[in-house]
Each structure stands twice: as C-alpha cells, then as structure tokens.
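Since the structure comes first, as structure tokens, the remarks are kept for the end.
The values are calculated or read from the model by the stated rules, or taken from the named source; none is laboratory data. What you see is a predicted model, and the numbers here were worked out from it, not measured in a lab. With ideal geometry, Cβ positions are generated from the backbone for all residues, glycine too; neighbour counts draw on all protein chains shown.
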Amino acid sequence: MFSGFPQSGRNKKAQVLGGDFILSMTIFLFIIVLCIVSWNTLHSKYSWFRESETVQSRAFHITDTLLKSQGYPENWSTSDVEVVGLAEYSHVLDSARITKFEELAANNYTHVKNLWGIKKYDFYITLNTTNENRSFGIQPSDAGFVVSLKRLVLVNETGNFYGGKLNFVVWRQ
C-alpha cells in the first residue's frame, strides 16, 4: 500500500508566508501600480488632446463667423447683438463693425464669451493692418492652455483697403 510522499523530518503543511509568495506579491503589486500610473498619464494626455481639439474647432468657427458674416442682426449694436460678425464681405472687414466690437469687448466681455460659447476660457484678438494695430479682450498671462489662430484679412476704412492679419487666442489658466 502506498504510504504517501516521504517526509524529511519537518512538517511543511501550508507555509503561506514563504519567500516565493512574498516575491510574487511584490512583483504583482509593482505591475498593478505601473498599470495605474500608465493609465492616469494616458488619460491626462487624452483629456488635454480632446480639449485642445474642441477649443480649436470652436475658435475656427468663431473666426469664420467674424470674417465671413455681418453678424445678426445685420446692423447689430452693442445692445442687441446675437451673432458678432465684422465682415462687409467675406474676409473684408468693416471698420465701423470693428469699432462696435471693440466697444462691446471692452464693456461687456463676459457677454461676448457667452455669445461665442467659451464661458470658461478667455480670448484675446489682435488685428494688425498696414494702417493700424488693434487688440480686444484679455491678453494671456500665465496661461496653462492656449489655442491660437491666425487669419489674413482686408479692412475697409471708408473705401481704403488695408491688408492685415487677425490673431485669435483662446486661453485659460
């Protein structure tokens, strides 16, 4: 009859805290921590990328509206504007609308952000032409997130056309 495995003098039943077990748990926990750190890093980068894509798309839409539309209502004022547009024609800006927008941005900055759907961001616009340089909004300082678009424009100042560049910056701290 079979009497089992030979005994070596010691009883080796269920030694749970053996060296092999401690080593394997250490390796297992290291792998788990590594996975968690990797996941958090990738998630953070993906969130930033997704926010960047969303804000870039929004900024492009805003500049398109500024440069291609007269706004709504067509002869908008700072008190009744629903859509801000600066164009007399596509990419030809009207100096009178620019002046109205300058007043709107200076006196009701939050309203402009709400119209554009960028409530949690700030904006800064520079319009540099061969005739003058203008800026609207809040200039970025210590910005943690910035999206910038540059667009070429013409500005009509009572029949005189000046070439220029519109720089639109959306940012947050």
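The condition of being under 18 Å from A96 (Cα atoms), in contact (Cβ under 8 Å) with a residue 60 or more places away in the chain and crowded, with 16+ Cβ neighbours inside 10 Å holds for V155.
Only one entry in D122, D142 is in contact with a Gly (Cβ under 8 Å, 6 or more places away or on another chain), touching a residue at least 12 places away in the same chain (Cβ under 8 Å), among the acidic types (D, E) and closer than 29 Å to R50 by Cα, namely D122.
Is it the case that the range 88-96 has a residue that's surrounded by 14 or more Cβ atoms within 10 Å (Cβ to Cβ), of a type outside the set (D, E), touching a residue at least 60 places away in the same chain (Cβ under 8 Å) and in a strand (DSSP E or B)? Taking every residue of the range 88-96 in turn, at least one turns out to be surrounded by 14 or more Cβ atoms within 10 Å (Cβ to Cβ), of a type outside the set (D, E), touching a residue at least 60 places away in the same chain (Cβ under 8 Å) and in a strand (DSSP E or B).
Taking every residue in the range 53-79 that is closer than 15 Å to F101 by Cβ and pairing it with any residue that is at pLDDT 95 or above and exposed (fewer than 14 other Cβ atoms within 10 Å of the Cβ), at least 6 positions away or on another chain, the pairs with Cβ-Cβ distances below 6 Å are Y72/E82; T78/E103. What about Q15, is it assigned to a loop (DSSP other than H, G, I, E, B), out of contact with any Gly (no Cβ under 6 Å at 6 or more places or on another chain) and either closer than 23 Å to S148 by Cβ or modelled with pLDDT under 95 (or both)? In short, yes.
Condition check ((1) farther than 30 Å from K45 by Cβ; (2) in contact with a Phe, Trp or Tyr (Cβ under 8 Å, 6 or more places away or on another chain); (3) modelled with pLDDT under 95; (4) not in a strand (DSSP E or B)) across all residues:
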position: L67; (1), (2), (3), (4): yes, no, no, yes
position: K100; (1), (2), (3), (4): yes, yes, no, yes
position: L115; (1), (2), (3), (4): yes, no, no, yes
position: N128; (1), (2), (3), (4): yes, no, no, no
